[in-house]
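Enquirer: Below are the structure tokens for one structure; questions will follow.
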Amino acid sequence: MSGPKSAVDGPLIQRRYVFGLLLRLCINFAGGVGILFVILYFALSRPLPGDYAGVFHALRNLSLFLQPILAVSVLAYALLACGSTSALCVYILHKVAGPLYRMELILDQYRSGATTQTVSFRNDDQIQPLAHAFNLWIGTLRHDRQRWLATMKDAERHCLQDEGTCRAKMEEALRKLEKDMARYH
Amino acid sequence: MRNRPRLRLRPRIRYVSPRFQGPAVLAFAAIVATGGAIFWKLVDGAFQRVFLHASIRGHYPFDSSYDIVRDLLARHLAGLFVGVFLSGSVLVLLIVAVTRFGIGKAVDSLRASAEGDLSTPTGSTPVGEIGRFGGKIDSARSHTLASVLKIRSEAAALASGGISPEEFRLRWDELKHRIRRIAP
């Protein structure tokens, strides 16, 4: 089997999709950092007392409160950024995960012997060549199946003649079938 | 009665596949959490030093503590953004590369199947959802190969002769039935 030849039917994952994902990720992380800035700004921008001693004590005491302030602000940032990134991941990656899930269902159906329909993804879904390759395989199998059945039916037509000719034609058809199936390995 | 336009049935595609999206979400969350933790550690240390230094300087030309750390905070926030975004971008490119490789192999294997090669393994990445998907394709291909080989051996056995006409007819019909079951 040769290396990936998916470029023949177009890219598996479009460049526009990747750039869109990176852009949304950039906006998402920038938003998270912006929120962190706003929290820290409001925590640190309280005016210092006017007198010398007041400023000194305020700055010394700020060191004590700095850790909880930072902890809360970083926690808020992490929760917001994680939440929005997770939502973004689910929203963006479903264009790959959805078709994969659908293909898995179809492969399970195929294995169980149920009628297999041709696969089509939505226009904006990624990995479209996968559906084309699967349809090509199933199409070839169906074409071969029809040809094998036609060969057998053709042999059966000779059964209107005598028994010997019928049997000979059937055996000839079976040999043809066996030869034809040899391409599957 | 009004004739309603017939709705075109769309293929049902689920939006959430935890096996595929879950690890990606966790990886992004880990990047954000790590970035936040590093930011916290660095900013805490730097701010402690700066505020201590500012308090003992004895000259206070600022209105709020924000004025003292404005540049430092901006630098660290920029560092946090760049670090998290670059790590996230690398992760995105990694996911895309793994998906391209794994699905590319699956596409190749399906194309090879159309040419009759049902035995060469797909060879997609052995881990994760893509690897499992490659296993499913291989399973479907080997199932088909087993059916075809069974039909082929039965055809060879029937063609070799020495079977009574009644038994031949029965096995012939069974063979047709088996062929009909390929890619129904």
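Any read-out appearing in this document is the output of simple, stated calculations on the displayed coordinates, not a laboratory observation. Only a predicted model underlies this, so the values are computations on that prediction, with no experimental measurement involved. Glycine also receives a Cβ, built like all others from the backbone with ideal geometry; neighbour counts cover every protein chain displayed.
Enquirer: Please tell me if B:Ala54 is of a type in the set (A, V, I, L, M, F, W, C) and either exposed (fewer than 15 other Cβ atoms within 10 Å of the Cβ) or touching a residue at least 12 places away in the same chain (Cβ under 8 Å) (or both).
Expert: yes
Enquirer: Out of region A:25-73, which residues are among the polar types (S, T, N, Q), part of a helix (DSSP H, G or I) and within 7 Å of chain B (Cβ to nearest Cβ)?
Expert: Passing the criteria: A:Ser63, A:Gln67.
Enquirer: Taking the condition of being hydrophobic (A, V, I, L, M, F, W, C) and more than 7 Å from chain B (Cβ to nearest Cβ), how many residues in region A:133-185 meet it?
Expert: Total satisfying the criteria: 8.
Enquirer: Among the residues of region B:142-167, which ones are surrounded by 12 or more Cβ atoms within 10 Å (Cβ to Cβ), closer than 17 Å to A:Ala173 by Cα and either touching a Cys at 6+ places or on another chain (Cβ under 7 Å) or within 7 Å of chain A (Cβ to nearest Cβ) (or both)?
Expert: B:Val148, B:Ile151, B:Arg152, B:Ala155, B:Ala156, B:Leu158, B:Ala159
Enquirer: Let me ask you something else. Could you grab me the full set of residues in region A:152-185 that are surrounded by 18 or more Cβ atoms within 10 Å (Cβ to Cβ) and under 44 Å from the mean Cα position of the chain (by Cα)?
Expert: Across region A:152-185, the qualifying residues are A:Met152, A:Leu174, A:Lys176, A:Leu177, A:Glu178, A:Met181, A:Tyr184.
Enquirer: Further, regarding this structure: If B:Asp108 passes every condition in (1) out of contact with any helix residue (DSSP H, G or I) (no Cβ under 6 Å at 6 or more places or on another chain); (2) surrounded by fewer than 22 Cβ atoms within 10 Å (Cβ to Cβ) but one, which one does it miss?
Expert: (2)
Enquirer: For region B:74-132, how many residues meet the condition of being hydroxyl-bearing (Ser, Thr, Tyr) and either under 28 Å from B:Ile38 (Cα atoms) or more than 7 Å from chain A (Cβ to nearest Cβ) (or both)?
Expert: 5
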